[in-house]
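Student: Sending over a structure as structure tokens; questions will come in a sec.
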Amino acid sequence: MTVRERDESRHRPLPGWLLGLIGLAGFVAILELVPRAGLVDERFLPPFGAMLSALAEQARTAEFWQALLETLRGWAIGLSIAMAAGVVLGILIGGIPLLRAATTSTIEFLRPIPSVALIPLAVLLFGTDMRSTLLLVVYAAFWQVLVQVLYGVQDVDPVARETARSYRFGPLTQVRTVIWPTALPYVMTGFRLGAAVALILEITGELIIGSPGLGRRIAVAQTSGAVASMYALVIVVGLVGVAVNVIARAGERRSLRWHPSIRTEVP
Amino acid sequence: MTTTPIGAAARPEAPTALLDVRDLRKVYGGGSRSVEAVRNLTFSIAPGELVCIVGPSGAGKTTLLRCVAGLLDTTSGEVVLEGEKVTGPPRGMAVVFQEYGRSLFPWMTVRQNVELPLKEKKVPKAERRRLVEQALEAVGLADVHNAHPWQLSGGMQQRVAIARAVAYEPRILLMDEPFAAVDAQTRADLEDLVRTLWRRLGVTVLFVTHDIDESVYLGQRVIVLSNSPTVVLEEVAVDLPDDRDQLTTRSLPRFAELRAHVYELIQRAKRGDRPVG
Amino acid sequence: MRDPGRGLRILLLPALPLLLVATWWLTTADSTNFFWPPLERILRTFDETWFTGRFTADVLPSLARLLAGYLVAVALGVGLGTAIGSSRTLRALVEPVLEFFRAIPAPVLVPILMLFAGIGNEMKVLVIVSGCVWPVLLNTVEGVRALDEVLRDTARCYRLRPRSRLVHLVLRGAGPQIAAGARQALSIGIILMVISEMFAASNGVGFTIIQFQRGFAIPQMWTGIIMLGLIGVVLSMIFRVVESRVLSWYTGLRASQRTKG
């Protein structure tokens, strides 16, 4: 430990972003060189260059963009439904103590039920329609949002709530002035967690059920032996995932910036 | 007694010093944005001494202590403990930090916390048990062996940290504003505890504080620091009787004089006065 | 506050589950709908579907693969995470790559790993490992990084050897975060267990359920869904018991901070 601290104080370390770039470049180089050197069969892991050209080829087809759009649309619709249901039910359950006591155990019981258990049911009900996947997405993301909103409502200052009640605020006013502002950061955390889970289930549904989207194209590429295309699509899915994470995290930070809990720092 | 001039203490001779800090300088960062925290510190501590270091807030007290403890590298100058240059945390040194709540392992019981450093020193089991029990007894915590630190009050947690340091049988004990975060009554008790342990065990103590009263009450010698970049402003010998207690010692006229003197020094330090030469 | 009393709360605990099951039971009681058979019939089918050989032939192999993959993933994640969390340079170097891997939905690894490992047990375990490792890894990195500065200094002052440092400081201190990662990994692991079997397998719970669905054995399919639900619930309960044992200090610490603060 001493040695490291000394190193860092004597000559300045490279900035983090540069190291990150070097790491990325190193990773790409490994992806390129390992198959070229014959360490891994090129049929299993094509060089990075081959993946890129497969990606470029994909990008010229309308089907690729269509699939990307379908994936994003399914994700967005599912997440919106889960958010709306999670927030409304969360505030309702969290705001009424009797209801909360009655539902705690059930929520803890239902939450660990794996969403993929619903795949056969979804297929029977909707076939390979996008609604099959939507069912999975909504189910999985809903729990993430609900649990966070419940935490948030629980976090409401009892004094603030009592005050609101003593001024005879109506239930809706109470929600707007007391519960919602406290719960908002938690809602945003729920959004971030839900967004990631929704994407996972969206892709899973497409992959397993065969509803339209990038996941189905990956399955098609796999069965037809287009290995480079399959990798290219996986990279695209990964980039979509990175984008979702970055946006959700930015949204979470933004909502926290004007949150009342930050106000105390302003003189 | 009141005629004794207040001034520089007789510095112990170099060969007999346990701890020697020579021309210590510490600059944080590099390039144009560097900050000089400590400019030049030289002092030494004889075996068995209890020395307090006091300075205005932001005087680089913690930087100094971390350099002495070997937790921080010096930019230039050296810290020598028992004739060996300190390059990392040395053997035979124990540190009590200000943040008692954060210096104890919360996943261990009180006993395990005290015992862990002894295990690392490969002290045999029977001896270990004896040391742990003695140390906890000495700090007045004989009956909380199996509690977790967070179940105790702040003062008791700091007692555990002191017990851990004492059980380690260090030759030098560093204390970094250990009582800054406990309430006033607990603080008086803990000050007396430090005096008692020091007299009983004969351990050398370097006690860093920002509290003028505390430094005079505890120390045989008080080293007053300037503001940052830090140098030694003055060393004050505390010629109070060795038997001290909160009531009589603090009401001695000599205590008031010394206190006033250190207070003045601190005020000068805050104004940015530096020693001449 | 109008919080219901403790006695009432205990009474209420099983109320909603019972109500839900009763609703399911009653609304499907006379059901002639092919997809929604009466719950009574599903439950009667449950025993013969699962406990006449399928439990050992399908459920246990699934669980064994899950356990193997999960344990390897946790070990790998904690090991790598500790290394990455301890070095600032290493962390900066691999962070973007990790960020990318974390963002890839784990199920797409199934077709990739099939190329390398075929469709046998190795593939399924590999899929579970490669999906579960990320939450554990990333949480461990965060946990190790967030170790208390004063505690680190304390460990250095008392000259803890690297091994004790790792055992007594780093792993224990990062424990709560590691557990959070392991909990996420468990639910991902169950998903991947099912997915990998649905995609390509000759046994396992996921495989069986898809067979039922393809053969339109609807009551059996429903028992499969219930079976998966039970597996998820039981595993998460086991996890909680283990977690509360290992991290009892953390629960206590948090509770004491809340009353003091």
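Where a number appears in this text, it was derived from the coordinates with a stated rule and is not lab data. Note that the structure is a prediction, hence the values are computed from the model and not measured. When we count neighbours, we look across all protein chains shown, and the Cβ atoms used for this are built from the backbone with ideal geometry, even at glycine.
Student: Rank B:Pro253, B:Pro170, B:Pro117 by mean-square fluctuation in a GNM of chain B with C-alpha springs under 10 angstrom and give only the top-ranked residue.
Tutor: Ranking B:Pro253, B:Pro170, B:Pro117 by mean-square fluctuation puts B:Pro253 first.
Student: Treating the Cα atoms of segment A:146-267 as identical point scatterers in vacuum, please give the log10 of the normalised Debye intensity I(q)/I(0) at q = 0.10, 0.12, 0.16 Å⁻¹, two decimals.
Tutor: -0.50, -0.62, -0.83
Student: What base-10 log of the normalised intensity I(q)/I(0) is obtained for segment B:51-206 from the Debye formula, alpha carbons as equal point scatterers, at q = 0.10, 0.14, 0.18 Å⁻¹?
Tutor: So the normalised log intensities are -0.35, -0.70, -1.16.
Student: Highest GNM mean-square fluctuation, chain C, Cα pairs closer than 10 Å: which of C:Gly181, C:Gly232, C:Gly189?
Tutor: Ranking C:Gly181, C:Gly232, C:Gly189 by mean-square fluctuation puts C:Gly232 first.
Student: Among B:Phe105, C:Phe34, what is the fewest-to-most ranking by other Cβ atoms within 10 Å?
Tutor: With the sparsest Cβ surroundings first, the list reads C:Phe34, B:Phe105.
Student: How long are the three semi-axes of the equivalent ellipsoid of segment C:144-261, in whole Å, if each is the root of 5 times an eigenvalue of the C-alpha gyration tensor, listed from largest down?
Tutor: Result for segment C:144-261: semi-axes of 44, 17, 9 Å.
Student: Hey, what number do you get for chain A at 222 nm if only DSSP H runs of n ≥ 4 count, each worth -39500 (n - 2.57), divided across all residues, to the nearest 500?
Tutor: When only DSSP H runs of four or more count, the value is -26000 deg cm²/dmol.
Student: Could you work out the helix-only [θ] at 222 nm for chain B, with each DSSP H run of four or more residues adding -39,500 (n - 2.57) and the total divided by the number of residues, to the nearest 500 deg cm²/dmol?
Tutor: -11000 deg cm²/dmol
Student: Please label the shape of segment A:62-263 as rounded, prolate or oblate, based on the square roots a ≥ b ≥ c of the eigenvalues of the alpha-carbon gyration tensor (a/c under 1.5 means rounded; beyond that, a/b larger than b/c means prolate, else oblate).
Tutor: Numbers: a/c = 3.28, a/b = 2.00, b/c = 1.64.
Taking the square roots of the gyration eigenvalues as a ≥ b ≥ c, segment A:62-263 is prolate.
Student: What average count of beta carbons from other chains do you get within 10 Å of the Cβ of residues in B:61-74? Walk me through the intermediate numbers first.
Tutor: On the way: counts 0, 0, 0, 0, 0, 1, 0, 0, 3, 4, 7, 5, 5, 0.
Neighbouring Cβ atoms belonging to other protein chains average 2 per residue here.
Student: Counting just the Cα atoms, what span does the protein assembly as shown cover along each of its three principal axes? Round to the nearest Å and put the largest first.
Tutor: 109, 70, 57
Student: I've got another one for you. Sort A:220-228, B:62-70, A:179-187, A:155-163 for me by packing, meaning the mean count of neighbouring Cβ atoms within 10 Å per residue, highest on top.
Tutor: B:62-70, A:179-187, A:220-228, A:155-163
Student: Here's a follow-up. Which lysines have a Cα lying under 18 Å from the Cα of B:Lys270, excluding residues fewer than 8 positions away in the same chain?
Tutor: Leaving aside lysines fewer than 8 places away in the same chain, those within reach of B:Lys270 are B:Lys61.
Student: So which aspartates and glutamates can B:Lys119 reach, going by Cα to Cα under 12 Å and dropping same-chain residues fewer than 8 places off?
Tutor: Partners found: B:Glu127.
Student: Checking understanding here: applying a Kyte-Doolittle mean of at least -1.0 and a length along the axis of at least 20 Å (C-alpha), which whole DSSP H helices in chain A pass?
Tutor: Numbers: long enough: A:16-36 (30 Å, 1.64); A:62-95 (48 Å, 1.29); A:130-154 (36 Å, 1.28); A:180-208 (40 Å, 1.12); A:227-257 (45 Å, 1.15).
Qualifying helices: A:16-36, A:62-95, A:130-154, A:180-208, A:227-257.
Student: Please compute the contact order of chain C in relative form: average sequence separation of alpha-carbon pairs under 8 Å and at least six residues apart, divided by the residue count, as a percent.
Tutor: On the way: 246 pairs, mean separation 59.5, N = 261.
About 23 percent, as a whole number.
Student: Would you order A:Tyr139, A:Tyr231 from fewest to most other beta-carbon atoms within 10 Å of each residue's own beta-carbon?
Tutor: A:Tyr139, A:Tyr231
Student: Now, a different point. At 20 Å minimum axial length over the Cα atoms and a Kyte-Doolittle cut of 1.0, report the qualifying DSSP H helices in chain C, or say none.
Tutor: Those that pass (Cα extent of 20 Å or more, hydropathy at least 1.0) are C:60-86, C:175-199, C:218-246.
Student: Just checking the output field for A:213-225: average partner chain Cβ neighbours within 10 Å of each residue's Cβ?
Tutor: Average per residue, whole number: 2.
Student: From the square roots a ≥ b ≥ c of the eigenvalues of the alpha-carbon gyration tensor of segment C:1-157, which class results: rounded (a/c under 1.5), prolate (a/b over b/c), or oblate?
Tutor: Values: a/c = 2.89, a/b = 1.50, b/c = 1.93.
Oblate, since a/c reaches 1.5 and b/c is not below a/b.
Student: Taking the Cβ of each residue in B:Asp213, B:Asp243, B:Asp23 as the centre, tally the other Cβ atoms inside 10 Å and list the residues starting with the fewest.
Tutor: B:Asp243, B:Asp23, B:Asp213
Student: Let me see the P(r) profile for chain B: every Cα-Cα distance counted, bins of 5 Å, each bin given as a percent of all pairs.
Tutor: 1, 6, 12, 16, 18, 17, 13, 9, 5, 2, 1, 0
Student: With +1 assigned to the C-beta of every Lys and Arg and -1 to the C-beta of every Asp and Glu, and no other charges, what is the dipole magnitude of the protein assembly as shown about the Cα centre in debye, to the nearest 20?
Tutor: The calculation lands at about 240 debye.
Student: For the charge dipole of chain C, defined by +1 on Lys and Arg C-beta atoms and -1 on Asp and Glu C-beta atoms about the Cα centroid, which residue among C:Pro135, C:Ser31, C:Leu253 has the Cα displaced farthest towards the positive pole?
Tutor: Going by the Cα projections, it comes out as C:Leu253.
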